[in-house]
Amino acid sequence: MAKRIHRVIQHRSGIAGVEAMTLFSDHVFPRHSHDHFGLGIMTSGAQRSWSLVGHVESESGDVIMCNPGEMHDGMPLRPATGNGQPGAGARGWRILYFDPALVATDISEEAAGELIVPPVARDRRLSKLVARLFAHVERDRPDTLAVEEDLMRCLMIVSRKHRLDDAVTSCASPPVSTAVRRLEDAPETPISLADLAALSSVSRFQLLRGFAREVGTTPHAYVIQRRALLARKYLAAGRSPTDAALRSGFADQSHMTRAFVRHFGITPARYRAAIA
């Protein structure tokens, strides 16, 4: 059996609203979303992922991105074969997550409409700029001016050369929208599939089928990842893992830890130590 590879560094960015991570892993991430924009670069290996434009592949040197709230997953393009070669099947990437509010005004002034980024861009100039931005952010004392300037330059290139048309994002049906809104508004409060279906005015079968088709995952999987996102916010605010687990709706800390690692690739304790 191949030995699992998973190395992750949660950097202290020093910039409010910006998180930075370096990963080298063969971990398979389930479908999930982030509340932030993601902007990063593949540093080694290759990855396959599901996104709003379907399945895509990325390799070393590619720029990788995700939109706030966009469901996606990730897995090695070449799984480990068990031949004992170090790093076989793993891929490496560095990624920044930043609060959409940091750039909302600037984006609206750059071009009309919402900025929707593609999951992968093969752009050498953008790739070099993202790498430089990451180098600024991971310093012990980041130069705020340099970070802001390079971030704006990255987004200018994305907006002008790579932004997707609004048409790629399809609106969910009213029943699914109602269910999603309930799970997002109160993920910490338990609800049965029957109650969620009744709230959405459809049968359980109709809701389950429509939710999976339109959102890309099941209601239960969706609420678990929303709880993980909520726990992440509590941890960033300085709450203890135990307190964050209970406030987020998990049965206990162990349940939260498993969900947290599956979705974010890092334990709650390590995340809190780097961010809080």
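Dipole magnitude for the chain: computed about the Cα centre from +1 point charges on Lys and Arg Cβ and -1 point charges on Asp and Glu Cβ, it is near 980 debye. For ILE5, nonlocal amide neighbours, meaning residues 5 or more places apart or on other chains whose placed amide H falls under 5 Å from its own, are ASP26.
Under a 5 Å amide H cut-off, with hydrogens placed 1.01 Å from N, THR43 pairs with GLY61, GLY92, TRP93, ARG94 among residues at least 5 apart or on other chains.
Within the same chain, aspartates and glutamates fewer than 8 places from LYS161 are excluded, and of the rest, those with a Cα less than 12 Å from its Cα are ASP123. With a Förster radius of 45 Å applied to the beta-carbon distance between HIS6 and GLU109, the computed FRET efficiency rounds to 0.65. Remark: spin-label model distance ARG122-ALA237 equals 4.5 nm, labels positioned 7 Å along the Cα→Cβ axis.
Scanning residues 5 or more positions from PHE37 or on other chains, those with amide H under 5 Å from its amide H are PHE98, with H placed 1.01 Å from N in the peptide plane.
The accessible surface of the chain, taken with every protein chain in place and a 1.4 Å probe, is 53 percent carbon and sulfur. Computed over the chain, the per-residue total of -39500 (n - 2.57) for DSSP H runs of n ≥ 4 gives a 222 nm mean residue ellipticity of -12500 deg cm²/dmol, rounded to 500. Distance between the C-alpha centres of the range 207-276 and the range 59-79: 20 Å, rounded to the whole angstrom. Each Cα pair of the range 171-276 feeds into the Kirkwood radius, which the Stokes-Einstein equation turns, at 25 °C and 0.890 mPa s, into a diffusion coefficient of 172 µm²/s. Here the 3J(HN,Hα) profile of the range 10-23, calculated from phi with Karplus coefficients 6.51, -1.76 and 1.60 at θ = phi - 60°, is 9, 7, 8, 6, x, 10, 4, x, 10, 10, 9, 9, 10, 9 Hz, Gly and Pro shown as x.
In the context of the full set of protein chains, the range 96-169 has a per residue accessible area of 58 Å² (1.4 Å probe).
The values are calculated or read from the model by the stated rules, or taken from the named source; none is laboratory data. Quick caveat, the model's predicted, so the values are computed rather than measured. FYI the Cβ positions are ideal-geometry reconstructions off the backbone, even for glycines, and counts take in every protein chain you see. Each accessible area value is taken on the protein alone, full model and side chains, heavy atoms only, with ligands, DNA and RNA left out. Shrake-Rupley method; radii C 1.70, N 1.55, O 1.52, S 1.80 Å.
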